Amino acid sequence: MRYIEPHGHMVSRVTDDYIDMVTAGCACVCEPAFWAGYDRSSVNGFYDYFCQLTDYEPKRAARFGLPHFCWLCINPKESEDVKLAEEVVALIPKFLDRPNVLGIGEIGLNKNSRNEMKVLEMHVDLAARQNQMILVHTPHLEDKLKGTRLIFDVIKADQRIQPERVIIDHVEEHTIKRVLDSGFWAGMTLYPESKCSPARAIDILENYGSERLWLNSACDWGVSIPLNVPYTALEMKRRGWSAEDIDKVVYQNPLKFLSQCKKFKLPKG
Ligand SMILES: [Zn+2]
């Protein structure tokens, strides 16, 4: 099997996870910028984090033969402090030329607050000005539908953004149709406790088809399973999916979306 992990917070993981992922057929991992589990106290904390995502972590992954890419932003969970967010958004362009940076993400909303909306708009404007792709985090549970609608309003209001260069992640049954109908890509996050279980994700694929969709494990510092993409592929096989159809979802689809960024290249062979 071959697969791409398009959303994994590898700075939270140990080297055993890298070994397991490569052994399972992982062809590359992409790491969106995330909340650290605590609020960073200044823009310098983000400077260090962006260095980690663009320098140290790709080197660590390379030790296991795994190409590592990343996305940069200030996460919605830290977007209440608009002044800090402005400083971070001003810092990001210094890193955008680094060879493993794919775009702006994961941006979006957490509690759907006014300040989060302001910071989301700043990021969308930055992506438009710098011609960057966008990866969007949608809120949890009861906030998800409202948050997804608000995010759409912001992205669609900016005529410079092409929907096919935007992926809306953490979709569920009640948000996926809206995402796909709007021309965006959709990501399904396979968590053991919240978001989508593998079984639910496959039900959704069987209901909505597999165009413009990817699966990810999000594997972060919380309860999560770094191998949930290949585990889900095995479950798809058990449910009668062909090897080719599984490959499309877990490899070809993320490859197609990510290849819109010229810097995204996998080693041949
Ligand atoms: Zn994430």
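Remarks
- Filter result for Trp221 (in contact with a His (Cβ under 9 Å, 6 or more places away or on another chain), aromatic (Phe, Trp, Tyr) and open to solvent by 80 Å² or more (accessible area, probe 1.4 Å)): yes
- For His140: the one exception among (1) buried (at least 16 other Cβ atoms within 10 Å of the Cβ); (2) free of Cβ contacts under 8 Å to residues at least 60 places away in the same chain: (1)
- Segment 156-169, residues that are in contact (Cβ under 8 Å) with a residue 40 or more places away in the chain and not aliphatic (A, V, I, L, M): Glu164, Arg165, Asp169
- Looking across Gly240, Gly222, one residue alone is at positive phi and not in a helix (DSSP H, G or I). It is Gly240.
- Residue-level check: of (1) of a type in the set (A, V, I, L, M); (2) touching a Ser or Thr at 6+ places or on another chain (Cβ under 9 Å); (3) within 18 Å of Gly45 (Cβ to Cβ), Leu91 misses just (2).
- Condition check for Gly183: open to solvent by 20 Å² or more (accessible area, probe 1.4 Å), within 15 Å of the ligand (Cβ to nearest atom) and among the small types (Gly, Ala, Ser): no
- The set of residues from segment 29-60 being under 15 Å from Ser12 (Cβ atoms) and aromatic (Phe, Trp, Tyr) comprises Phe34, Trp35, Tyr38, Tyr49, Tyr56.
- Filter result for Arg114 (open to solvent by 40 Å² or more (accessible area, probe 1.4 Å), among the basic types (Lys, Arg) and closer than 25 Å to Arg149 by Cβ): yes
- Enumeration of residues in segment 191-218 that are buried (at least 23 other Cβ atoms within 10 Å of the Cβ), farther than 16 Å from Gly25 by Cβ and within 13 Å of the ligand (Cβ to nearest atom): Ala218
- Some residue of segment 243-256 being buried (at least 20 other Cβ atoms within 10 Å of the Cβ), within 16 Å of the ligand (Cβ to nearest atom) and closer than 25 Å to Leu96 by Cα: yes
The values are calculated or read from the model by the stated rules, or taken from the named source; none is laboratory data. These numbers come from a predicted model, not from an experiment. Positions of Cβ are backbone-derived with ideal geometry, glycine not excepted, and every protein chain shown enters the neighbour counts. Accessible surface areas use protein heavy atoms only, side chains included; no ligands, DNA or RNA. Shrake-Rupley method; radii C 1.70, N 1.55, O 1.52, S 1.80 Å.
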